[in-house]
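The values are calculated or read from the model by the stated rules, or taken from the named source; none is laboratory data. Computed from a predicted structure; not experimentally measured. Note that we place each Cβ from the backbone using ideal geometry, even for glycine, and neighbour counts take in every protein chain shown. Side chains are part of the model used for accessible areas, which takes the heavy atoms of the whole protein and leaves out ligands, DNA and RNA. Shrake-Rupley method; radii C 1.70, N 1.55, O 1.52, S 1.80 Å.
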Amino acid sequence: MSDSEPVRVRVRRVYDPPEDGDGTRVLVDRLWPRGVSKERAAIDVWLKDVTPSDELRSWYHQDRSGARHDVFVERYRTELDDPAHTEAVERLVGLVREGGPVTLITAVKDVADSHVPVLVDHLKHVMKRT
């Protein structure tokens, strides 16, 4: 992948209906979204291991003020580089490199304040390195 080649990743909420341009739909939440059937979600791949650990997720959600966000981002980036996450990150990179669009699917209400932007940024960096 060259620096000028964009990483073709979209982000959508699982509660939005699937669209033709979604390509491969990858659920990037550790828990299955409440109230959503597998048919309605139309998930192609569920990569639980690209999500923050249960410990980190719980710690982050204990303080809803947003004061922990910067530390969360740092800790999650560290987790994404550890062996427990590497295989799932590599699988996600492979899906993107297959050429079709990839849509990361999440149930979080506030996507901008979640793990998803950190994951997208990490994915871009990994793809530039390799």
Exercise. Put a dot 7 Å past each Cα toward the Cβ at Val36 and Asp81; how far apart are the dots in nm?
Worked result: 3.0
Exercise. Quick one: accessible area per residue over the chain, 1.4 Å probe, rounded to a whole number of Å²?
Worked result: 58
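Beyond 21 Å, what share of the Cα-Cα pairs of the chain remains, rounded to the nearest whole percent? If you can, show how the numbers build up before the last one.
On the way: 3300 of 8385 pairs.
In whole percent, the share of Cα-Cα pairs in the chain beyond 21 Å is 39.
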For this session: Quote the relative contact order of the chain in percent (integer), defining contacts as alpha-carbon pairs under 8 Å separated by 6+ residues.
Result: 41
Exercise. Can you pull the percent of segment 38-80's accessible area that's carbon plus sulfur, 1.4 Å probe, other chains left in place?
Worked result: 45
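Dipole magnitude of the chain about its Cα centre, charges +1 at Lys/Arg Cβ and -1 at Asp/Glu Cβ only, in debye to the nearest 20? Walk me through the numbers before you get to the answer.
Values: 21 positive and 24 negative charges, 53 e Å.
It comes to approximately 260 debye.
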